[in-house]
Amino acid sequence: MSAPVTEPLEFDDTSKLMEHLVRESAASVRKPAPDMADLASVIRALLDLNGGQSTRVPLGGGLFDAVITAAGPASRAVADLMDQIQNGCGPVIEDPENGLVYWLVPPGSAERWAPHSHAVCLGAPYKITLPALHRTAPPGPYWLRPETKDRLVPVGPLRQALDEHQPEPAPHADFAARFGTPH
């Protein structure tokens, strides 16, 4: 599956991007990367993203996991509610071709995610394709809510908003067929 999902970041130059990556890595992971080759590939992917290209990145690790829901009016209502809760929603990608929305949530969320009737949460070992940072409208996957601040979508409030708005159809059967995930 070629799904969209790292923090959408905008930096004027590579040195600012590297400073941000070092700061975020130290703040969120607090342990060295087990495989420097993986870290190097993530940095290259983020540089591609900043350079205006879509790129695939791994979920989990020190970056983020993804909560996946159906696209449509209910998901847009959830994004609007998260805008209010977060004073501007964290990063969200919509993939209109596949009818899915990807909410970028803190790393490790997939490990703690309890089954939900309207959403699936994936982390490692899955990967996601992030649209270029400037892509904010269809065609193709785009940033429904580009990240403008240093934040991800908080799982607790997102889960409550999903309970309230119930985006349909639930992605469970589709993801089980594609990835072998439980519904």
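Things worth noting here:
- Residue in the range 100-115 that is touching a Lys or Arg at 6+ places or on another chain (Cβ under 7 Å) and modelled with pLDDT of 90 or more present: no
- Some residue of the range 50-57 being at pLDDT 90 or above and either of a type in the set (A, V, I, L, M) or open to solvent by 30 Å² or more (accessible area, probe 1.4 Å) (or both): no
- Of all residues in the range 97-125 being open to solvent by 60 Å² or more (accessible area, probe 1.4 Å) and in a loop (DSSP other than H, G, I, E, B), the one that is nearest to Asp163 (Cα to Cα): Ser117
- Failed condition for Pro138, given (1) over 19 Å from Gly72 (Cα atoms); (2) in a loop (DSSP other than H, G, I, E, B); (3) open to solvent by 10 Å² or more (accessible area, probe 1.4 Å): (1)
- Annotation: of all residues in the range 143-165 being modelled with pLDDT of 95 or more and either in contact with a Ser or Thr (Cβ under 7 Å, 6 or more places away or on another chain) or of a type in the set (S, T, N, Q) (or both), the one that is surrounded by the fewest Cβ atoms within 10 Å (Cβ to Cβ) is Gln160.
- Pro73 being open to solvent by 70 Å² or more (accessible area, probe 1.4 Å), farther than 21 Å from Gly61 by Cα, modelled with pLDDT of 95 or more and not aromatic (Phe, Trp, Tyr): yes
- Of the residues Gly61, Gly90, the single one that is of a type outside the set (Lys, Arg), modelled with pLDDT of 55 or more and closer than 21 Å to Leu162 by Cβ is Gly90.
The values are calculated or read from the model by the stated rules, or taken from the named source; none is laboratory data. Every value quoted in this text rests on a predicted model; they were computed, and no experiment measured them. Quick reminder, even Gly has a Cβ in these numbers, built from the backbone with ideal geometry, and neighbours come from all protein chains shown. Ligands, DNA and RNA are stripped out before the accessible areas are found, and what is left, the full protein with its side chains, is counted by its heavy atoms. Shrake-Rupley method; radii C 1.70, N 1.55, O 1.52, S 1.80 Å.
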